[in-house]
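What follows is a short report on a single structure.
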Amino acid sequence: MAPMAEPVAAAPAPPHFVIVPLPAQGHTIPMADLARLLAERGARASLVVTPVNAARLRGVAGLAARAKLRLEIVEVPFPADSGLPPGVENVDQITDYGHFLPFFLALKELAGPLEAYLRAQAVRPSCVISDWSNSWTAGVARRVGIPRLFFHGPSCFYSLCDINAATHGLQQQDDTERYLVPGMPVRVEVTMGTRPGFLNSAGFEALKDAAMEAMRTADGAVVNTFTDLEDEFIACYEVALGKPVWTLGPFCLCNRDDDAMASRGNKLGIDQSAVTAWLDAMDTDSVIYVNFGSLARKVPKYLYEVGHGLEDSGKPFVWVVKESEVSTPEVQEWLSALEARAAGRGLVVRGWAPQLAILSHRAVGGFVTHCGWNSLLESVAHGVPVVTWPHFSDQFLNERLAVDVLGVGVPIGVTAPVLLFGDEAMRFGRADVARAVSALMDGGEEADERRRRAKVYGEKARRAMEKGGSSYESLTQLIQSFTLQGGKQH
Ligand code: UDP
């Protein structure tokens, strides 16, 4: 007689994470990486985005499909009556300061389509992970009965400064214009211009209040960082927030090959193989890479100062100039002349660059960065020290982390924020660029120590993402905590 079959326990259903990025490159790129990380570990990940942003994620979706990962792009329409020019669906497309508020208000209208998507699933999704700014997802998740985590883009160092300043206020230092951020494990001073806090502009008060409230009511936070980089700040942030902080980064390290690196963010302004071939001809750690992220723009006179500074530094360079900065025939002519003078030594990329492919190339030995958290972390994750050149928002505090705490950065020396669309009154010149680049690249005791530290962090970043590493195991726990027997029906 055949033995009686043991009853088979139903396999736990893989959890389904619904990810709602803020449509800005510095937010969507890491959240797309997060989706990939979740899907690689067996979860289902759905990225909810509008058509322009869905088109930019086509490469990510294609790679995931080829790898048979459960990563899908859920397209929802951008609100038609937003008052914005047609087709503007991402912060990097905004060209008028007056369009920021209508843009953020329009995003709130995505609550309906998001709720419809969540309710349409046969099995209720396990968790919504939404950008800190997308406070409108709080009501949706509550109504549908789904836990919600918020993803906060910057470092825990920054977020701790932010929450401490919001809770306790800043302490003015005598009668100077400097303020101490209270409750930090290290001394952190700011000015009114460099103080922490997002959505600080006039007119954004209600949006900011809603974001702070959505932060308070969330079930936890997801941050793109790792324990060995800022363990003290992570621990303090978790206490200050009073809820779990899942540190799962550096997310960028999920992009392991050229195709994945070239698919991030936008259509490349240069063929990736051309950049790689150019870098292949250079000595190890000899090239300085210069890129100010997806948003910051420079007016021509300052663009010229950057270019002359790089030329004067005498170092090989890859310099990324935005299409919006190459605004006139004069600028184009000037850039072509610079390229001719620096032929063989300088490569100018017009438009979107394959940043990860560049940073991971052995020839790149330094990065002049605006200290957007993604750029800074991508540099650290690849063991590349930085010249720190913050422009606005969290970048000034990220600079403090890189320079004062991690010891991997040389400051260019700016102390005040500048306007997003280019500023006529920036306080730097070509000599500052040449000096900072030389300090980073020329060698000597301090430069060697900075490079050594960057390489140690790069190695620790790699280990954090491997089986047994802090971020890998944190992701395991996150997935397990949302893995339900069979999933819940509506
Ligand atoms: N990025 C890129 N190519 C570019 C410019 C930016 O791949 O030419 C990516 C970069 O790798 C990073 C993101 O865009 O992942 C920029 O985010 P960050 O937080 O550094 O700065 P932001 O653009 O938000 O100011």
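The values are calculated or read from the model by the stated rules, or taken from the named source; none is laboratory data. On a predicted model such as this, the values are computed, not experimentally measured, just so you know. We place every Cβ from the backbone using ideal geometry, glycine too, and count neighbours over all the protein chains shown. Protein only, heavy atoms only, side chains kept; ligands, DNA and RNA dropped before computing areas. Shrake-Rupley method; radii C 1.70, N 1.55, O 1.52, S 1.80 Å.
Among Lys108/Lys467; Lys301/Lys460; Lys243/Lys467, which pairs are too far apart, with a Cα-Cα distance over 29 Å?
With Cα atoms farther than 29 Å apart: Lys108/Lys467; Lys301/Lys460.
Report the calculated FRET efficiency for Asp283 and Arg462 (r = Cβ-Cβ distance, R0 = 25 Å), to the nearest 0.05.
That gives a FRET efficiency of 0.60.
Tilt of helix 470-481 relative to the longest C-alpha principal axis of the chain, in degrees (0 to 90, nearest 10)?
The helix 470-481 is inclined about 30 degrees to the chain.
Counting only protein heavy atoms and a 1.4 Å probe, tell me what percentage of the chain's accessible area is made up of carbon and sulfur.
Here it works out to 53 percent.
Taking the DSSP beta bridges in the chain as the whole, what percent of them are antiparallel, to the nearest 5?
Close to 10 percent.
Give me the net charge for the shell around Ala439: Cβ to Cβ below 14 angstrom, other residues only, Lys and Arg +1, Asp and Glu -1.
Charge balance near Ala439 sits at -3.
Taking each pair of different alpha-carbon atoms in the chain once, compute 1/r for the pair, average those values, and report the inverse of that mean as the Kirkwood hydrodynamic radius in Å to one decimal.
This gives a value of 23.4 Å.
Counting heavy atoms of the protein chains only and a 1.4 Å probe, report the per residue accessible area for the chain as a whole number of Å².
41
Show me 24-37, 214-227 ranked by packing, highest mean number of other Cβ atoms within 10 Å first.
Ranking, from highest mean packing down: 24-37, 214-227.
Counting Lys +1, Arg +1, Asp -1, Glu -1, what net charge surrounds Gly413 among other residues with beta carbon under 14 Å of its beta carbon?
Its environment carries a net charge of +1.
If I model a spin label at Arg119 and His308 as a point 7 Å from the Cα along the Cα→Cβ vector, what separation in nanometres do I get?
The answer from the label model is 6.2 nm.
When the solvent-accessible surface of protein heavy atoms is calculated with a 1.4 angstrom probe, in what order do Trp136, Trp373 fall, highest first?
So the residues, ranked largest to smallest area, are Trp136, Trp373.
State to the nearest 20 debye the size of the charge dipole of the range 152-234 about its Cα centre, where the only charges are +1 on K and R beta carbons and -1 on D and E beta carbons.
The calculation lands at about 160 debye.
If you count, for each residue, the other Cβ atoms within 10 Å and average over each peptide, how do 336-343, 186-193, 474-481, 318-325 line up from highest to lowest?
Listed from highest to lowest mean packing, they are 318-325, 474-481, 186-193, 336-343.
Pull up the cross-link candidates among the aspartates and glutamates for Lys267, meaning alpha carbon to alpha carbon under 18 Å and not fewer than 8 places away within one chain.
Cross-link targets: Asp33, Glu89, Asp92, Asp257, Asp258, Asp259, Glu323, Glu325.
Taking every Cα atom in the range 76-146, find the radius of gyration and the maximum pairwise distance Dmax, and write them in Å.
So, for the range 76-146, Rg and Dmax equal 13.7, 42 Å respectively.
Mind listing the long-range amide H neighbours of Gly422? Cut-off is under 5 Å, sequence gap 5 or more, other chains count too, H placed in the peptide plane at 1.01 Å from N.
So Gly422 has HN proximity to Arg297.
Using Cα atoms only, what is the angle between the long axis of helix 25-40 and the major principal axis of the chain, expressed in degrees (0 to 90) to the nearest 10?
Value to nearest ten degrees: 40.
Highest first, please rank the peptides 365-371, 171-177, 103-109 by the mean number of other Cβ atoms sitting within 10 Å of their residues.
Output ranking for 365-371, 171-177, 103-109: 365-371, 103-109, 171-177.
Tell me the angle of helix 111-120 to the major Cα principal axis of the chain, expressed in degrees between 0 and 90 and rounded to the nearest ten.
40
For His168 and Lys267, calculate 0.36 nm times their separation in residues minus their Cα-Cα distance, and state this gained length in nm to one decimal.
31.3 nm
Stretched out fully, how many nm does the piece from Asp219 to Arg256 gain, at 0.36 nm a residue minus the Cα gap?
Gain in length upon complete extension: 10.2 nm.
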